[in-house]
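Values quoted throughout were computed directly from the atomic coordinates according to the rules given, and no laboratory measurement underlies them. All of these numbers come straight from a predicted model, not from anything done at the bench. FYI the Cβ positions are ideal-geometry reconstructions off the backbone, even for glycines, and counts take in every protein chain you see.
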Amino acid sequence: MGNYYNPYEGIAGVNGRWMKCNFHIHSEVGKLPTETIFEYYKDAEYDILMHSSQKQFEDTGKIGEKLGIKTYNGQEYIRYDGILLVGIHEMIGGEPQEAIDKCIEEGGFAIINHPNQAEVKVEGVPLPPVFPKDILYSLRRAVGVEIYNGCLSRRNFFGGQRVGWGIGTDFWDDQLSKGILFWGFANDDSHQPFEINVGWTHIFADSTSLEDVKRAVKKGNLYASNGLYLHDYSFDGKLIRVTADFQYDRIKKIHYKFIGQNGAILAEQDGESGSYILRGDEMYVRVEAMAPDGDMLWTQPIVNKNRFKDENGIF
């Protein structure tokens, strides 16, 4: 595809499948057993789950085997809130970059959480401590960022105080525009049953094993969603064509935005599919699709290989 890397190239017709995943799930606040939470997710047709404990390490392997769903062990690192550490073997502390590096050393991968979470003070004490911007923007080796957080998008906390907003595409575009390649994820950050299945990531992988999923995630074989499904994506080196819709009820009335450097809207269209012809000077192009009721899907960006730091060695 010339100078452009397409994270969806070659996935059609190969021995893999799309898997519905959530890496940001809590049971501590809602006081429900992890197994009960995972039963809800199984009913919502998830393939892979991670309980993102903040307090103590929990091995969920036996729960997954009992329910017939794949689970990864992990953690939500909240010395500064926060980083998802996927596929680890113990609780990890230290400074934020140290936590990411340790996660990778243990064979996992890291996702930066809700970059637009705001600091809330309870009796004058910050709760939780959020990332100072200089630290947040200095983090490296994370594979992606949570561009949609269902919890922050849906409710208030601590006596009605807002704790930021759940959309993180501004941080994503800022990093992409600096040549830093992050993939976009969506998660629930569920603390209560009504927050389950409001945001998820679909990953195209050969199996549910951590190694296969890690390999797919590294290449960007995924998309983020809070309701829509990716039915088709093609790129011939010049033309991008995308079809998104609901899983079964195909309304064919989707609004497509093609977004480039610094979050600039390159084109907008309505219809069954959206398309964009590259001029050739774009640093990256990603797509947002929205249904009339607000349900969305975010594709990963096609990126100009000459203008990105390839820290994960994918091109």
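Once the other residues with Cβ under 13 Å from the Cβ of Lys253 are scored (Lys, Arg +1; Asp, Glu -1), what is the net sum? Its environment carries a net charge of -4. If R0 equals 22 Å, the separation of the Cβ atoms of Phe246 and Glu268 corresponds to a calculated FRET efficiency of about 0.60. Summing Cβ point charges (Lys, Arg +1; Asp, Glu -1) relative to the Cα centre of the chain gives a dipole of roughly 480 debye. Placing a label point 7 Å from the Cα of Glu90 along the Cα-to-Cβ line, the residues of the stretch 60-81 whose backbone N sits under 16 Å from it are 74-75.
In this simple spin-label model, placing a label point 7 Å from the Cα along the Cα-to-Cβ direction at both Thr36 and Arg279 gives a separation of 5.6 nm.
Just so you know, the Cα atoms of the stretch 178-315 work out to an Rg and Dmax of 15.5, 46 Å. Straight-distance candidates among the aspartates and glutamates for linking to Lys55, with alpha-carbon spacing under 16 Å and chain neighbours fewer than 8 residues away dropped: Glu28, Glu76, Asp81, Glu90, Asp189.
With K and R counted +1 and D and E -1, the other residues having a Cβ less than 12 Å from that of Lys42 yield a net charge of -2. Working from label points 7 Å from Cα in the Cα-to-Cβ sense, the Arg140 to Ser234 distance is 4.0 nm. The spacing between the stretch 280-308 and the stretch 229-271, judged by their C-alpha centroids, is 8 Å.
Of all DSSP-defined beta bridges confined to the stretch 137-265, some 70% are antiparallel rather than parallel. Projecting the Cα positions of Gly199, Val213, Trp183 onto the charge dipole of the stretch 172-213 (unit charges on Cβ atoms of Lys, Arg, Asp and Glu, taken about the Cα centre) puts Trp183 furthest along the positive direction.
Using Cα-only point scatterers and the Debye equation, what is log10 of I(q)/I(0) for the stretch 162-222 at each q in 0.30 Å⁻¹, rounded to two decimals? Values returned for q = 0.30 Å⁻¹ are -1.14. Using a cutoff of 8 angstrom between alpha carbon atoms and counting only pairs six or more residues apart, the relative contact order for the chain works out to 18 percent. Of all DSSP beta bridges located in the stretch 4-307, what percent are antiparallel, nearest 5? Percent antiparallel among DSSP bridges in the stretch 4-307 is about 75. As a rough footprinting exposure proxy, the listed residues Cys103, Cys151 were ranked by other beta carbons within 10 Å of their own, and the order from fewest upward is Cys151, Cys103.
If a spin label sat at a point 7 angstrom from the Cα of Glu98 along the line to its beta carbon, the backbone N atoms of the stretch 131-151 nearer than 18 Å would be those of 131-132, 135-136, 138-142. Once both axes come from the Cα atoms, what is the angle between helix 96-105 and the longest principal axis of the chain, in degrees from 0 to 90, rounded to 10? So the helix axis and the longest Cα principal axis differ by about 80 degrees.
Hydrodynamic analysis of the stretch 79-225 uses the Kirkwood radius over alpha carbon pairs. Inserted into Stokes-Einstein at 37 °C and 0.692 mPa s, it gives a translational diffusion coefficient of 206 µm²/s.
Note on Arg154 and Val14: the extension gain reaches 46.7 nm, defined as 0.36 nm multiplied by sequence separation minus the Cα-Cα distance.
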